[in-house]
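K.L.:
Here you go, one structure.
FYI, it's all coordinate maths here, none of it is from the lab. What you see is a predicted model; the values in this text were computed from it and never measured. Neighbour counts run over all protein chains shown; Cβ positions are idealised from the backbone, glycine included.
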Amino acid sequence: MKRLFLIPLLYLLVAAAPATQPASPIVTRAHQILGTMKTTYYQHVTDIDPAAGQYNCDCSGLVSYLLRKDLPEHYKAITYPSRLKHPRAIEFSKSFAAAPADPKPADLWQHVQRVVDARPGDLWAWHKDPLPETGSTGHIVLFDSAPKQVAADVYEITVIDSTTKPHRDDTRKPEETGVGRGTMYLQTDPQGHPIGYASRSAQGPFLHTPMAIGRPITPSPSPATPAHPPDAAPGAP
C-alpha cells in the first residue's frame with residue numbers, strides 16, 4: 001500500500017517541478033566562437049569566416065551575425081536604413097527601448113527595464129546623443145552573466161562583444177581589438193533603470209547616454225512529462 005501511495009505522489013512532484021531557463025542560442029554560439037576563434041580584428045566591414053576561425057567585425061556586426069544564425073526572425077524585426085548592411089548600435093538601442101516591457105505571445109523582443117532583471121542572452125545597447133555625422137553610433141554587447149550588484153547603483157556584468165578597447169578581466173590582450181569576453185559596469189537610476197556604463201571599473205568614470213536592454217523572446221520548451229507514472233503499465237489507471 002505504501003508503494004502505491006508513494007508512486008503517484010512522486011509523479012505529481014516531478015510534473016510540478018519548475019522548468020529551468022533554457023540556454024540562449026546566441027550565447028551558445030558566442031561561446032563556440034570564443035573557443036574556435038583564431039584571428040579577430042575590430043572593423044566596420046564584417047568579414048567572418050567560421051571555417052578559418054576569422055571574426056573581423058564591429059559590435060553590431062557580431063550581434064547581427066549571431067542573430068542571423070540562430071534567431072533570424074528576431075533579427076528581421078530590427079529596422080534599419082536600407083543603405084546599411086545591418087543594424088547599428090543606435091538601431092538596436094532604439095528598438096529595444098521601443099519593445100514592450102510586458103510582451104504578448106506574438107512579440108519577438110522584450111524591453112528589460114530594470115538591470116536586476118537581466119540575464120545571460122540579453123543584449124545591451126546604447127547610442128550617442130547627439131549622433132555624430134561619422135563614426136560609431138554607440139555600442140552593443142551580449143550579456144554572458146546575470147548582473148551582480150557591487151554598489152548601491154552599480155552592477156557588474158560579464159559581456160561578449162567586439163571592441164577597440166578590452167574591458168576588465170578580458171580575454172583580449174591590452175593591444176588587441178575584435179571579439180572577446182570581459183567585465184563591464186552598469187549604473188542605474190533610483191528605479192533600477194540603466195543610465196550609464198563604465199568599461200573597466202566599478203568606480204567609473206560612467207558615461208551617461210540613452211541605452212536599453214533587449215531580450216529576444218524564444219518559445220519555452222514544453223516540460224517533459226512521463227508517458228505514464230513510474231513502474232505503472234501503459235493504460236493503467
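K.L.:
What is the dipole size for the stretch 127-184, taken about its Cα centre, with +1 at each Lys and Arg Cβ and -1 at each Asp and Glu Cβ, in debye to the nearest 20?
P.N.:
Roughly 120 debye, rounded to the nearest 20.
K.L.:
Determine, at each q value in 0.24 (inverse angstroms), the log₁₀ of I(q)/I(0) that the Debye formula gives when each Cα of the stretch 31-107 is one equal point scatterer.
P.N.:
Result of the Debye calculation: -1.16.
K.L.:
Out of every Cα pair in the stretch 81-126, what percent are spaced more than 12 Å from each other?
P.N.:
Beyond 12 Å sits 67 percent of the P(r) for the stretch 81-126.
K.L.:
While we're on this one: Mean projection of the alpha-carbon convex hull of the stretch 124-171 over all orientations, in nm²?
P.N.:
One quarter of the hull surface, i.e. the mean projection, equals 4.4 nm².
K.L.:
I'm a student and want to see the number: the projected area of the Cα convex hull of the stretch 101-214, averaged over all directions, in nm².
P.N.:
Its Cα hull, projected and averaged over all orientations, spans 8.0 nm².
K.L.:
Hey, can you grab everything whose amide H is under 5 Å from the amide H of residue 41? Only 5+ residues off in sequence or another chain; H modelled, so Pro and N-termini drop out.
P.N.:
So residue 41 has HN proximity to 55, 56, 57, 179.
K.L.:
Between residue 208 and residue 107, what length in nm is gained on full extension when 0.36 nm per residue of separation is reduced by their alpha carbon distance?
P.N.:
33.5 nm
K.L.:
By the scheme Lys and Arg +1, Asp and Glu -1, what is the net charge of all other residues having a beta-carbon under 12 Å from that of residue 26?
P.N.:
+1
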